[in-house]
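Note sheet for the following structure.
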Amino acid sequence: MPKRKKSIPKKSSNFLKYIVWGLSFVAAIVVIFVVGYYVGQDGAKKETVAKERSKEEAKNSMIQKLEEESAKKERSKEEQSVSSKLKEVLQKESKVVEKPKEPSPKAELPKDTNVSKKKEVATVKEAITTKEVAKEYENASHEIEEGQLPTAPERKIVQSVHKPKLAIIIDDVSTSSHINAIKSLQIPITMSFLPPSKSRPSSDILAAKEDFYMVHLPMEAQDFKAEEPLTLRVDDSHAKILQRVEEIKRLFPRVKYINNHTGSKFTADEAAMDRLISVLKDQNIAFIDSRTTGNSKAQKVSKKYDLEYVGRDVFLDHQMDKGYIVAQIKKAIQVAKKHGTAIAIGHPHANTIAALAESKALLKEVELVLVDKL
């Protein structure tokens, strides 16, 4: 009879099960702990990185803010410096008038072909100094007929791939302070010089030092009391206008462009403009219409002589408030973008200079050029 196998007690079997379950539980706890450790460590790392990034962003933001405030202060100082410097110099020059040197009556004239021309220029300057003239202009309202800005003539809309061009003309330039203020901007500005007079006897000498300039020729206005000496009038003959233009050419030998100072009456008279444009064409000088009146005949007469009409688009400082001038600068930029080119006219007043200095970033939207580059 075969031997029976000894059966394992049931109690021992249950004990082994408990050991297995216990080990499994311990293993599970270990796994959970390990996973929790690494997950927690990864989360801590992410949290640390986020905190560091937040600190870095806050730091950069603070640096940027400080830089912006510093730049703003610098711009403000620059504007105040330009404005105060210009005002100070203008006040000094309004009190001190430079007198032109008059030739001695006993001095012998040099024997050369330019004697007669020199004599004529001296005669013109002498005649100017004996007349009563206006003081420095306090604002730009004298340029516009009855203080009303005329509507701009219609122009073609130009779709160009090139950057739009804007020429800014500063009228009434006549002293070294004007020139210094304009040059302090360090942007291309066309300076239009008033002819010499008692209060500005050296304007032609100052212009001679510049590479490019225009002449701001006084013309008769509808209603303006402080008229410049030797202002062109509507009843001036062709011969008289020719004489004046030739005098201007002798005083400003490199003049290629002339625009009108005041002139709301003269430019509105077709016969007077016909005589002037014909003389300027013969003298190889282009006329730029300052558009001091909405009745200007410059465009019509230019067409008659087969000349391209060039006129002002925007007047910058009809009002002397700096905010207004900045708004007009923006308007000039928009006109340039629409038509491809634009001409803006201003004056060498402190607020105009300050507004241009403040608008340098805006002006980068266009290409600033001198009028001969349009």
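The values are calculated or read from the model by the stated rules, or taken from the named source; none is laboratory data. The structure displayed is predicted, hence computed values, not measured ones. Methodologically, a virtual Cβ is constructed for each residue, glycine included, from the backbone with ideal geometry; neighbour enumeration extends over all protein chains shown.
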For Ala355, are the conditions met, namely being touching a Leu at 6+ places or on another chain (Cβ under 7 Å) and touching a residue at least 12 places away in the same chain (Cβ under 8 Å)?
no
Residue that is surrounded by the fewest Cβ atoms within 10 Å (Cβ to Cβ), among those in region 272-291 that are touching a strand residue (DSSP E or B) at 6+ places or on another chain (Cβ under 9 Å), in a loop (DSSP other than H, G, I, E, B) and of a type outside the set (Lys, Arg):
Ile285
Counted residues in region 223-258 being of a type in the set (Phe, Trp, Tyr) and part of a loop (DSSP other than H, G, I, E, B) come to 2
Out of Glu138, Glu146, sole residue that is modelled with pLDDT under 95, loosely packed, with under 14 Cβ neighbours inside 10 Å, part of a helix (DSSP H, G or I) and not small (Gly, Ala, Ser):
Glu146
Do we find a residue being farther than 30 Å from Ala361 by Cα, touching a strand residue (DSSP E or B) at 6+ places or on another chain (Cβ under 8 Å), of a type in the set (A, V, I, L, M) and modelled with pLDDT of 95 or more anywhere in region 158-171?
no
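Looking at region 216-226 only, could you name the residues that are surrounded by 19 or more Cβ atoms within 10 Å (Cβ to Cβ) and either touching a Leu at 6+ places or on another chain (Cβ under 8 Å) or over 19 Å from Ile345 (Cα atoms) (or both)?
Of all residues in region 216-226, those surrounded by 19 or more Cβ atoms within 10 Å (Cβ to Cβ) come to 216-221, 224.
Result: His216, Leu217, Pro218, Met219, Glu220, Phe224.
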Would you list the helices (runs of 4 or more DSSP H) that sit entirely within region 304-363 and hold 3 or more residues that are more than 12 Å from the chain's Cα centre (by Cα)?
322-339
Which of the residues spanning region 172-181 are surrounded by fewer than 23 Cβ atoms within 10 Å (Cβ to Cβ) and either in contact with a strand residue (DSSP E or B) (Cβ under 6 Å, 6 or more places away or on another chain) or modelled with pLDDT under 95 (or both)?
none
Tally the residues that are surrounded by fewer than 21 Cβ atoms within 10 Å (Cβ to Cβ) and over 12 Å from Asp313 (Cα atoms), restricting the search to region 324-337.
5
Considering region 320-352 alone, what residues qualify as being in contact (Cβ under 8 Å) with a residue 60 or more places away in the chain, farther than 22 Å from Asn260 by Cβ and polar (S, T, N, Q)?
Asn351
If I go through region 203-243 residue by residue, how many of them are closer than 21 Å to Lys281 by Cα, among the hydrophobic types (A, V, I, L, M, F, W, C), without any contact (Cβ under 8 Å) to a residue 60 or more places away in the chain and out of contact with any Gly (no Cβ under 7 Å at 6 or more places or on another chain)?
7
